[in-house]
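The structure appears below as structure tokens.
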Amino acid sequence: TNPGFMVRITQAGLDYAHQHGIAILEKELAQLKLPDISGDSRVLRVGKVHYELSRLRLRDFHLPYSRITPISNEGLQVSISNAFAELDGDWRVKFLFVRDHGSFNLKVENVYIKITLRLGSDTTGKPTTSTSDCSARISKVRVLFSGRFGWLYNLFHSAIESRLRKSLEQKICDNVVKSVHSDLQTYLRTLPVTARIDDKTGIDYSLVAPPRATDQSLDAALKGEFYSLAHRSTVPFSPLPLAFPSDHERMVYFGASSYFFNTAGIAYHKAGALVFEITEAMIPKDVGFKLDTSVFSAFIPQLEEMYPNMSMKFRLTAPTAPFLTIGPGGILFQPIVDAQAYAILPNSSLVPLFLLSLVRNVSAVINVRSGRIVGSLDVGRYRGEQPLTGQGVVGDVSVRMMQSLMNVLTSSTLLPRLNARLDEGFPLPLLDRIQLSNILVRFHQNFLLLGADVHFQPR
């Protein structure tokens, strides 16, 4: 299926991740454990010589030149060149009736390593990675022996250097595979595939397909779907394709489709969260507006006769989930709101007065803060439809005269509450210890594009 949410890591983002990955790999390789080496060799005019190399200790391992490249339909390739290392150890020698021991120093130069990472996803929709190929080649190994018979070792150093080279090449790839599994794979599992938003809803960010490498980026297709915690059901429509622009100014881009936002409306509607009540206590003092029948009797004369000077309450509900559209001009939608008016009797019971079905133009401003999508709403004037009589209590209501009152009520009470919730935001799918900066927000047909640079905060 098409994703509801897309993530693109550009070459700049891959390079940044690569820098931190190489630093970790460098530390891992510096802790290589090499096995002891022993053997026999024949030396002219000396005869058979038995040697042992033990306590091989790697002092450092440097990876000064490396690069990462996305390989289309395959994964990522990491190439390391001109790496070098130095280690030391102890040696023992036995020939004829002579025994001796000492220490040696080994310099490894011109190390070339090539690693291919295969990318995938598991059954929970989390990303996975493995080493599909690793090769290590060492061009130069120099061993220098010390001790009384150090000169003897230097006579057959080529055999020792060859064995050390093969052992080191194998150990390098063993450690690369181990590091990818223990470090990189463990880190990728910090990606939240589900994010609980509040006590009613969550977001599903699971992968709908393995990450895909292109010549210039790494793309991840996510489900991008809000759901009700109480009752999750199939969304009655499908996401449309997202046509990502060829923009590579930032390290990472997020594509949030209209499907992503519209499933939020469905989730909150199913959770019963799109119900709001307006009472006089909620109206700010500076509005100078009393929510009682004496005010509304100017438009509905029957109110003053039937319920004189009684407090009122409005209950606003959305009969259907709000549905929005995204285009180059921004986000627009026209939610339908049913406004049920009640009179509050002295015994606190409610009497329904009238029901208005209202439509209002709403626009949204979107941004990113602290790894969360935040926003605010701006509303136009209500357009009232033909009112429904509330259980015959009052007659027809003058819709035009009610519009201005509803604008005052919702703008002063409902809108601040909605914007306060939107200001808390909804989490983006980010790996652990990732911070975003240099935010870019652009609107495209059917999706919102968010771009950012990345900062990794080490522990």
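The values are calculated or read from the model by the stated rules, or taken from the named source; none is laboratory data. Given the structure is predicted, the values throughout are model-derived calculations rather than measurements. With ideal geometry, Cβ positions are generated from the backbone for all residues, glycine too; neighbour counts draw on all protein chains shown. With ligands, DNA and RNA removed, areas are computed over all heavy atoms of the protein, side chains included. Shrake-Rupley method; radii C 1.70, N 1.55, O 1.52, S 1.80 Å.
Odds and ends about this structure:
- H455-D423 pseudo-label distance in nm [points 7 Å out on the Cα-to-Cβ vector]: 2.4
- Label point distance in nm, D88-T1, each placed 7 Å from Cα along Cα→Cβ: 6.3
- Each of (1) 22.1, 75; (2) 34.9, 128; (3) 24.2, 77 is a candidate for Rg and Dmax of the Cα atoms in Å; the one calculated from this structure is (2).
- Taking GluC sites (Glu not before Pro) across region 150-253, the ones in a DSSP loop with at most 16 further Cβ atoms lying within 10 angstrom of their Cβ are E249.
- Dividing the mean sequence gap of close Cα pairs (under 8 Å, 6+ apart) by how many residues region 54-114 holds gives a relative contact order of 35 percent.
- Unit charges at the beta carbon, dipole of the chain: most positive-side option, S412, L191, L32: L32
- Taking every protein chain into account, the 1.4 Å probe leaves S66 with about 40 Å² of accessible area, to the nearest ten.
- Using a cut-off of 32 Å between Cα atoms, the listed pairs K126/K166; K33/K223; K140/K178; K27/K94 include K126/K166; K33/K223; K27/K94 as exceeding that distance.
- Contact order relative to length of the chain, as percent, for alpha carbon pairs under 8 angstrom and 6 or more apart: 14
- Prolate/oblate/rounded call for region 1-83, Cα gyration tensor, a/c under 1.5 rounded: prolate
- Segment H50-K140, length gained on full extension (0.36 nm per residue, minus Cα span): 29.9 nm
- At R0 = 51 Å, FRET efficiency that the Cβ-Cβ distance of F237 and Q170 yields, to 0.05: 0.40
- Estimated at 0.36 nm per residue, the fully extended path between D15 and K107 surpasses their Cα-Cα distance by 30.2 nm.
- Solvent exposure of region 194-456 as accessible area per residue, Å², 1.4 Å probe: 47
- Neighbourhood charge, 14 Å Cβ-Cβ cut-off, centred on N2 and excluding it, Lys, Arg +1 and Asp, Glu -1: 0
- With the simple model of a label 7 Å out from the Cα in the direction of the Cβ, H62 to N361 spans 6.6 nm.
- Mean Cα-pair separation over length for region 23-171, i.e. relative contact order, pairs under 8 Å, 6 or more apart, %: 19
- Low-density loop positions, trypsin sites (Lys or Arg not before Pro), region 212-262 - DSSP coil, at most 16 other Cβ in 10 Å: R232
- Whether region 194-456 is rounded, prolate or oblate, judged on the alpha carbon gyration tensor where a/c under 1.5 counts as rounded: prolate
- Filtered trypsin sites (Lys or Arg not before Pro), region 268-337: DSSP coil and at most 14 other beta carbons within 10 Å: K290
- Cα-based helix-to-principal-axis angle, 258-270 vs the chain, degrees rounded to 10: 60
- Summing Lys and Arg as +1 and Asp and Glu as -1 over all other residues whose Cβ lies under 13 Å from the Cβ of L449 gives a net charge of +1.
- Length released on extending from T190 to N438, taking residue separation times 0.36 nm less the Cα-Cα span: 86.9 nm
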